[in-house]
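Q: Can you keep this structure in mind? I'll have questions shortly.
Since every read-out is calculated from the coordinates, none of them should be taken as a lab result. This structure is a prediction, so every number in the text was calculated from the model and none was measured. All Cβ positions, even for glycine, are placed from backbone atoms using ideal geometry, and neighbour counts span all protein chains on display.
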Amino acid sequence: MKGFFTGSATALITPFDENGVNYQTLGQLIEFQIENGTDAIVFLGTTGEPSTMSLEEEYAVMDYAVKKVNKRAKVIIGCGSNNTADAIVAAKTAESYGADGLLAVTPYYNKCTQNGLVAYYKAICEAVSIPVIAYNVPGRTGLEIQPATMAKIAEIPNMAGMKDAGGNMSKTMETLRLTRDKCDLYSGEDALNLPILAAGGVGVISVLSNIAPKEVKALCDLVLTEKLTEAIALNDKMLPLANACFIEVNPIPVKEAVNLLGFNAGTPRAPLTVIEDANRAKLIAAMQAFGMECKA
């Protein structure tokens, strides 16, 4: 299927405190995204640290997110797993809470074959009636959705597209060629947002937009309205900040960046650690060069 959403989606962090999820801050972050024009918000994706959350916490976030957003943006819930049965339960639960769509990462650790990927996404899609986005991030999962495989997955009626964080523009171009009339493709790597949009991607699922939602939205709008000269200038300005947000493993830097903006985002959960001092200094420098005021 095509047309689930276009433009910018934010892969939102999950703020934690000593009691668990910090819902006061989560609400503030949701309002910050909506006020700055974000089209969709992804909860419980990689950046949201669901791998260190209990099922009770995940379900509570799903429920809170749908109610807080209240149809002002699309709500997309992460539901992938290395156990198809668990992914189906998460997908059904998210749908029951009122999610607009799902983001399902490929199986990890035990992995599977390319035929197994088709079966995995078919099982998730058939379990729900809402759109599903496949999430290709081989650097984390050790498993890549090959272009020819995505062409098969795209035939599933409610398969809305692929979040591409593979970092290989050659394969991205081939995936676009094979799926252009079947489903959409979204950039999942901020450093490649511009070329993926220019090649036919219809939007981004961004980490950078946690702290720069207005600018990421503007980049999408510029490219999608074919104002490439302006888009290139904006991207040149954003690229150092985007790179700084990945100076350590995501979401360590962006969570600290959200704190530096004045939100009480807390720290990542173990085994992730707080950002190292030298990298924190580089992050602050990039934010200040971009024009952000850091509450260091």
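Q: Can you run phi through the Karplus equation (6.51, -1.76, 1.60; θ = phi - 60°) for the stretch 15-22 and list ³J(HN,Hα) in whole Hz, with x for Gly and Pro?
A: x, 10, 9, 5, 9, x, 6, 8
Q: Per DSSP H run of at least 4 residues, take -39500 (n - 2.57); add these up for the chain, divide by its residues and hand me the 222 nm value, nearest 500 deg cm²/dmol.
A: -14000 deg cm²/dmol
Q: In cubic angstrom, how much convex hull volume per residue do the alpha carbon atoms of the stretch 230-296 span?
A: In the stretch 230-296, the Cα convex hull volume per residue is 82 Å³.
Q: Under 18 Å Cα-Cα from K282, which lysines qualify once same-chain neighbours fewer than 8 residues away are excluded?
A: K237, K255, K295
Q: Please report the orientation-averaged projected area of the stretch 91-221, defined via the convex hull of its C-alpha atoms, in nm².
A: With every direction weighted equally, the projected area is 8.0 nm².
Q: Would you mind ranking T229, T179, T141 so that the residue whose beta carbon has the fewest other beta carbons within 10 Å leads the list?
A: Ascending Cβ contact count within 10 Å gives the list T229, T141, T179.
Q: Okay, next question. So how far, in whole Å, is the C-alpha centre of the stretch 228-296 from the one of the stretch 8-76?
A: Going from one Cα centre to the other spans 19 Å.
Q: Additional query: So who's got an amide H within less than 5 Å of the one on L103, skipping anything under 5 residues away but keeping other chains? H placed 1.01 Å off N, in plane.
A: I77, G78, C79, I133
Q: Quick check of the Kirkwood formula: for the stretch 27-91, what is the inverse mean of 1/r over all pairs of different Cα atoms, in Å?
A: Kirkwood hydrodynamic radius for the stretch 27-91: 12.4 Å.
Q: Compare G139, G203, G161 in a GNM of the chain, Cα atoms joined below 10 Å, and give the one with the largest fluctuation.
A: Ranking G139, G203, G161 by mean-square fluctuation puts G139 first.
Q: For K111 and E56, FRET efficiency with R0 = 30 Å and r from the beta-carbon atoms, rounded to 0.05?
A: 0.60
Q: Right, here's the next one. So between E293 and A119, what do we pick up on full extension, going 0.36 nm a residue minus the alpha carbon distance?
A: Roughly 57.9 nm would be gained on extension.
Q: If the elastic network links every pair of Cα atoms under 10 Å, which of A154, A127, A265 fluctuates the most in the Gaussian network model of the chain?
A: A127
Q: Which helices, taking whole DSSP H runs in the chain, have alpha carbons extending 27 angstrom or more along the helix axis plus mean Kyte-Doolittle at least 1.6?
A: none
Q: Same structure, new question: Taking neighbour counts of Cβ atoms within 10 Å as a proxy for exposure, in what order, fewest first, do L241, L178, L103 appear?
A: Listed from fewest to most nearby Cβ atoms, that is L178, L241, L103.
Q: Also, I was wondering about something else. For D184, which sequence-distant residues (separation of 5 or more, or a different chain) have an amide H within less than 5 Å of its own amide H, given hydrogens modelled in the peptide plane?
A: For D184, the qualifying residues are G3, G161, M162.
Q: Would you list which lysines come within 22 Å of K2, measuring only between C-alpha atoms, while excluding same-chain residues fewer than 8 positions from it?
A: Counting by Cα, and skipping residues close in sequence, K2 has these lysines nearby: K71, K74, K92, K122, K152, K163, K171, K182, K217.
Q: Starting from the Cα coordinates of the chain, work out the convex hull volume and express it per residue in Å³.
A: Output value, Cα hull per residue: 117 Å³.
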